[in-house]
Every structure is written in structure tokens, then in C-alpha cells.
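Input: a single structure, listed below in C-alpha cells.
All of the numbers you see were taken from the coordinates with simple rules; none came from a lab. Because the structure is a prediction, the values reported are computed rather than measured. Note that each Cβ is placed from the backbone with ideal geometry, even for glycine, and that neighbours are counted across all protein chains shown.
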Amino acid sequence: MDATRLPLSLSNHYGFDTRHNLLYAVCCMQRTQIYLPEDLLLELKLLSQKEEKPTARVIRELLRDSVQRKQKRKNAGTTLKEIARLAAPGPRDLSTNLFDYLYGKKSDYARRKK
């Protein structure tokens, strides 16, 4: 079907704003098939009727939102770095005098004894 000859009313019926969007959908999207449980499909159809959009468009919008949300999630490394930034800074010579801080003269126990 030629998108330039498609009546505007027909393009709106399929949920596209203009004939250009229909041409974009035909040329630039990949078709895929998925299996959905009946209850989920029914919910999607009800949502599409409520929003007055085609079911495929509702699915695309929901998937896009979900993918963006998951991409914004922080991984464990990022979370640990943020926690480390919140911690109080330690002594600058900790790596060289670790055992002194843990067990020797620089430890909290040794300081309390004085």
C-alpha cells in the first residue's frame, strides 16, 4: 500500500498522526511475534481502547518505558562507590600502617589506654 495515497482518516485509524508516520512505521520498524497469556493480552487491548491507540503502539510505549527504567537502574559497583563517598575519610597513611591502626600504637584501643 502506497502511504502517499493513503487517506488521512485511514492513517489516523491505525494510530498514526500523518501519512509520513505510516511510511516510517512500514520502513523503519522490525516485525516480531511474541506469545502472551490471555489475561495480559486482554489488559493490553483494554488499555489500547481506553487510550484510543492501537495495541501495537501501546506495547511499544510500555516496552520503551520499561527498558529506559531498567537502563537507569544502578549496578552494585555504582552503589558501593556512592556509599564509599558517604563514609568518613580515613587516615591518609592507612595503607602503609594498616597493622599499626588495627593492632598497634595507632589503634583505637591504644589511644583509649593513654
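Some observations on this one:
- Dipole moment magnitude, nearest 20 debye, the range 34-75 about Cα centre, only Lys, Arg, Asp, Glu C-beta charged: 460 debye
- Rounded, prolate or oblate (a/c below 1.5 giving rounded, otherwise prolate when a/b exceeds b/c) for the range 34-75 by Cα gyration tensor: prolate
- Karplus-derived 3J(HN,Hα) values for the range 49-64, using 6.51 cos²θ - 1.76 cosθ + 1.60 with θ = phi - 60°, are 5, 5, 8, 6, 10, x, 4, 4, 5, 4, 4, 4, 5, 5, 5, 4 Hz; glycine and proline are entered as x.
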